[in-house]
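Values in this text are rule-based calculations from the coordinates and carry no lab data. This is a predicted model, so every value here is computed, not measured. For neighbour counting, all protein chains shown are included, and Cβ atoms are generated from backbone atoms with ideal geometry for every residue, glycine included.
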Amino acid sequence: MIAAARKAGRRLIRDFGELENLQVSRKGPADFVTTADERTEQILVQELSVARPGYGFLLEEAGSIEGSDKTHRFIIDPIDGTTNFMHGVPHFAISIGLERESTIVSALVFNPVTDEMFVAERGHGAFLNDKRLRVAARHNLADIIVASGAPFLGKEGRNEFLKEIDVILAATSGIRRFGSAALDLAWVATGRFDAFWERKLQPWDIAAGQLLVREAGGMVSDLTGQEQMLQSGDILTANDTLHRTLLAMIREAGK
């Protein structure tokens, strides 16, 4: 996974440096697909298929690809933060999660611009460029920074988000909206952010990042407190104390 991400990342850096030459098409409101997206995904699939023949894929651009090995599949977002990428903002990442029998067992989030490689294996910890990661230990709401993502251009969940953000803003040091769920989760794992929540994400947005947080000692759930994040697209992550507090606040905001 690391070798595949580094190979794809080298080409992605070249594309990022030549944004004006990229061909861009719209596939939905504020949802851009670029030749860079598609090329990155193709490189990842080619490299991973050689390394693990028979594994299936769930891909943002190409959809589902069945493999002969029904117990394994890679869940891939070739550029998480495409809008950032298209605007020349150097905050985007390749995200790869390896699923074994419906459980994410390996994870990678790679920002090729900063050369930050976040990796995790189930039961073996989370790392940033070989440095062991732990989530932040802050418990006082007044001291924490929380990351999130906001619905835009008429996407569903806007009213829920506005209620939730009002409650959380009033109790914390602030909210950050950086435009890449995979990196938001990786930054929770590093302790840069104390928590992250968002609704209506896709499996490839959170498959890798949620394992990074777990292996860094954090709590991960959907917004009902269950573990159906990949199915619902809703997610909340933090240390155990903050997770309980924020989950209660989000539930209260919805009443």
(request) Give me the orientation-averaged projected area of the Cα convex hull of segment 129-174, in nm², one decimal. (result) 5.0
(message) Can you classify segment 141-253 as rounded, prolate or oblate using the Cα gyration tensor, where a ≥ b ≥ c are the square roots of its eigenvalues, rounded means a/c under 1.5, and otherwise it's prolate if a/b beats b/c and oblate if not?
(response) rounded
(message) Taking the 0 to 90 degree range and rounding to the nearest ten, how far is the long axis of helix 158-171 tilted relative to the main principal axis of the chain, both from C-alpha atoms?
(response) 60
(request) For segment 158-186 and segment 107-130, compute the distance between their C-alpha centroids and round to whole Å. (result) 23
(message) Taking every DSSP beta bridge with both residues inside the chain, roughly what % is antiparallel (nearest 5)?
(response) 80
(request) Mind giving me the nanometre distance, one decimal, between the label points for Ile13 and Arg122, set 7 Å out from Cα along Cα→Cβ? (result) 3.3
(request) Please give the helix 2-16 orientation as an angle from the longest Cα principal axis of the chain, in degrees from 0 to 90, rounded to the nearest 10. (result) 90
(request) Would you kindly calculate the translational diffusion coefficient of the chain, applying Stokes-Einstein with the Kirkwood radius from alpha carbon pairs, for 25 °C and a viscosity of 0.890 mPa s, and quote it in µm² s⁻¹ without decimals? (result) 134
(request) Relative to the longest principal axis of the C-alpha atoms of the chain, give the angle of the C-alpha long axis of helix 203-215, reported between 0 and 90° and rounded to the nearest 10°. (result) 60
(message) Give me the three principal axis extents of segment 73-194 from the C-alpha atoms, as integers in angstrom, largest value leading.
(response) 37, 34, 32
(message) Suppose R0 equals 25 Å. What FRET efficiency, 1/(1 + (r/R0)^6) with r the Cβ-Cβ distance, do Ala248 and Asp115 give to the nearest 0.05?
(response) 0.05
(request) Can you spot the lysines whose alpha carbon is less than 22 Å from Lys155's alpha carbon? Ignore those fewer than 8 places along the same chain. (result) Lys27, Lys163, Lys200, Lys255
(request) Beta carbons within 10 angstrom, averaged per residue: use that to sort the peptides 90-101, 64-75, highest first. (result) 90-101, 64-75
(request) Check cross-link reach from Lys7 to the aspartates and glutamates: straight Cα distance under 16 Å, and skip same-chain residues fewer than eight apart. (result) Asp15, Asp37, Glu38, Glu41, Glu47, Asp77, Asp115, Glu116
(message) Which of Glu121, Glu215, Glu61 has the fewest other C-beta atoms within 10 Å, and how do the rest follow up to the most?
(response) Glu121, Glu61, Glu215
(message) Just to check, using Stokes-Einstein with a Kirkwood Rh over alpha carbon pairs, what's the diffusion coefficient of segment 2-132 at 37 °C and 0.692 mPa s in µm²/s?
(response) 216
